[in-house]
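K.L.:
Starting off with a structure, shown below.
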Amino acid sequence: MASAAAATEDPSDIDKLYEYGKRLSEAKDKSNNVNDYEGVIRAAKGSIKAKQLAAQLIPRFFSFFPGLTSKAVNAHFDLCEEEELGIRVQAIRALPLLCKDSPEYVSKIVDVLGQLLIAEVNVERDAVHKALLSLLRQDPKASLTALFHHVVASEGIREKVISFIKDKVFPLKDELLMPQKEMERHVTDLVKKSLQDVTGEEFKMFMDFLKSLSIFGKGAPAERMQELIEIIEGQADLDAQFKVLDIDHIERLMSCMYMALPFFRRGTSNSKFLSYLNNHIIPVFDKLPEERKMDLLKNLAESSPYTTPKDSCQLFPSIVQLLKKHIPQRKTGEEINFTHVECLLYAFHQLAYKVPNITNSLCGYRIVTGQPSDRLEEDFSDNYKDFTERLTNLGDLAEATMKKLTQDMAEHDKAMANAKTDEAKASIQIKKQNTMTGLRACNNILAMTQPLHSKSLSFIGEKIITLSWRPATKPSLASTTAAAGDKRTAPASFGAMATKKGRGEGGKSHLVNRAFEDSYHGGRNGAWGRGGRGRGRGYY
């Protein structure tokens, strides 16, 4: 301890260090001053002030002594780990200078700075951020490669590195990714390698970034869109055997399918998703958690307009089977989930719109296309009777429920007028939104059942119906012709339930057994499995 104190207070060390620095500055051929630079390196082991000076001098003359680079770099790295905050900050700020005339050190320095992102003191963390940004501007390709290496390999610091990439790097993409196509391709490959083990939130962040790149922008070729779809399919783990109790997998699957919807709209194939759902998920629909059922049906509905005729033929029997489970043939005391039915009817119309005669054998319709698959020589009249009776029963229930919900809306308006506090008003507003969503769901159901009763049978196209959870262009019940929004609204009324009782004498209306409740919990924020990550390491 005595020697340490002496080292701290001995002015001779500082004087020598100033002499080394002066001679190095004045020398025309600095390579002749090897002893002086070695003295600077040794000062990194000296007193506090000597270390502070060494943190300035080592980088300043670094490029003139290639034979001492290893010693100099190691000495400077030691300074970055000093207990004294001032020394650490000085050394960190000077790190980019080591690369000014020696670009081959960029990767190594960025690697060290990535490790230092765990700094808890603001001034030190800011120094790390500024040093990293300096090197990113000097050599974006090498810096990004080194930085992304921590996302894949450095378990202890990956969250800090990801946060830095999100907050500091991605916003500068237009500046850093030059030449544009080459660098966007490079960073895309880095991101793909980083998706080995990510949380839902991290995956969404990376995908949002990739979508913002020009190589995936408007006018991008189909193969580029397919590349993004394949990334999402990989995260959804569509090659895995499905297990009903694997909630993490269900949430990840539903989130990924929702994330893929914009690409389906741009013409990429949804066949792999639909095949997986049809073969693995729909057969165990009754065993799924309630909120996952809703996610599944919404994804099916929103994907159905982009289904190929071949996929429509394969998926349609499952849709009809689920519809029949949701719409009993006769009026009973069972409950009906109108949003489930809205999703299924919408998918029914979209699939049948592409291949109309797929309804002949399953629903008893007689649509003539001239193909053997019309099966017009067979009698499916029992299927027709069964299906149309269910639709009639559904229509009666929807009309009765709309009447009850309209009354509820009037009550909500009265309650809002009498509400005294902001909290009470907010609660009533949520109820009003839920009721409106329920009205829209029932209204959509009526709009979709009517064409199926018509003598001139028709199936609606994508633009005829605005699904109830999508933004309505006008707050009106007659909103079924509104243009579909690009994203779902905030959780509203997604669990509409009504008791299916007979009208009895005098045409009494059905009673609503359960309020339209919000059962929408599905990972639309991109998080799945209690913050757990996606697939295990190495799936790319």
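The values are calculated or read from the model by the stated rules, or taken from the named source; none is laboratory data. What you see is a predicted model, and the numbers here were worked out from it, not measured in a lab. Cβ coordinates were reconstructed from backbone atoms using ideal geometry, including for glycine residues, and neighbour counts include every protein chain displayed. Surface areas here come from the heavy atoms of the whole protein model, side chains and all, with no ligands, DNA or RNA. Shrake-Rupley method; radii C 1.70, N 1.55, O 1.52, S 1.80 Å.
K.L.:
I need the P(r) histogram for segment 245-287: all alpha carbon pairs, bin width 5 Å from 0 out to the longest distance, whole percents.
P.N.:
Pair shares across the bins are 5, 21, 28, 25, 13, 6, 2.
K.L.:
What does the charge count around Asn418 come to, taking other residues whose C-beta lies under 13 Å from its C-beta (Lys +1, Arg +1, Asp -1, Glu -1)?
P.N.:
+1
K.L.:
Right, next: When Lys and Arg each count +1 and Asp and Glu each count -1, what net charge do the other residues less than 15 Å away from His129, Cβ to Cβ, add up to?
P.N.:
+4
K.L.:
Let's test the formula: R0 of 41 Å, r as the Cβ-Cβ distance of Asn32 and Asp208. What FRET efficiency results, to the nearest 0.05?
P.N.:
0.15
K.L.:
Oh, and also: Applying a 10 Å radius around every beta-carbon, put 244-253, 457-466 in order of their mean neighbour count, most first.
P.N.:
244-253, 457-466
K.L.:
Is the C-alpha gyration tensor of segment 77-163 telling us rounded, prolate or oblate? Criteria: a/c under 1.5 is rounded; beyond that, a/b larger than b/c is prolate, otherwise oblate.
P.N.:
Oblate, since a/c reaches 1.5 and b/c is not below a/b.
K.L.:
While we're here: Below 12 angstrom from the Cβ of Met183, what's the summed charge of the other residues (Lys, Arg +1; Asp, Glu -1)?
P.N.:
Net charge around Met183: -2.
K.L.:
When the dipole is taken about the Cα centre of segment 49-94, and only Lys, Arg (+1) and Asp, Glu (-1) are charged at their Cβ, what size is it in debye, to the nearest 20?
P.N.:
Value, rounded to 20: 240 debye.
K.L.:
So, for the chain, what is the accessible surface per residue at a probe of 1.4 Å, expressed in square angstrom?
P.N.:
I get 47 Å² per residue for this part.
K.L.:
Next question. Of all the accessible heavy-atom surface of segment 95-154, with the other protein chains kept in place and a 1.4 Å probe, what percent is carbon and sulfur?
P.N.:
53
K.L.:
Is segment 150-246 best put as rounded, prolate or oblate by its Cα gyration tensor, with a ≥ b ≥ c the root eigenvalues, rounded for a/c under 1.5, and otherwise prolate when a/b is larger than b/c, oblate when not?
P.N.:
The shape class here is oblate.
K.L.:
Pop out the ³J(HN,Hα) list for segment 56-65 in order, Karplus 6.51 cos²θ - 1.76 cosθ + 1.60 with θ = phi - 60°, rounded to Hz; leave Gly and Pro as x.
P.N.:
8, 7, 4, x, 4, 10, 4, 6, 8, 10
K.L.:
So how strong a dipole does the chain carry about its Cα centre when Lys and Arg Cβ are +1 and Asp and Glu Cβ are -1, to the nearest 20 debye?
P.N.:
Here the chain has a charge dipole of around 1460 debye.
K.L.:
Can you give me the Cα centroid spacing of segment 116-169 and segment 381-407 in angstrom?
P.N.:
Value for the Cα centre distance between the two parts: 59 Å.
K.L.:
While we're on this one: Listed highest first by mean packing, meaning other Cβ atoms within 10 Å per residue, what order do 20-30, 57-67 come in?
P.N.:
Listed from highest to lowest mean packing, they are 57-67, 20-30.
K.L.:
Hey, can you rank 257-270, 346-359, 283-296 by average C-beta count inside 10 Å, highest first?
P.N.:
The packing order, highest mean first, is 346-359, 257-270, 283-296.
K.L.:
Rounded to the nearest 10 Å², what accessible area does Arg125 have for a 1.4 Å probe in the complete protein model?
P.N.:
For Arg125, the solvent-accessible surface is approximately 70 Å².
K.L.:
Just one of (i) 35.5; (ii) 28.7; (iii) 31.7 is mean projected area of the Cα convex hull in nm² as worked out from the coordinates here. Which one is it?
P.N.:
Checked against the structure: label (i).
K.L.:
Top to bottom by accessible area (1.4 Å), largest first, where do Cys363, Cys313 land?
P.N.:
Correct descending sequence by accessible area is Cys313, Cys363.
K.L.:
Just want the answer: with Cβ charges of +1 for Lys and Arg and -1 for Asp and Glu, which residue in Val368, Thr392, Gln407 is farthest toward the dipole's positive end in segment 358-453?
P.N.:
Gln407
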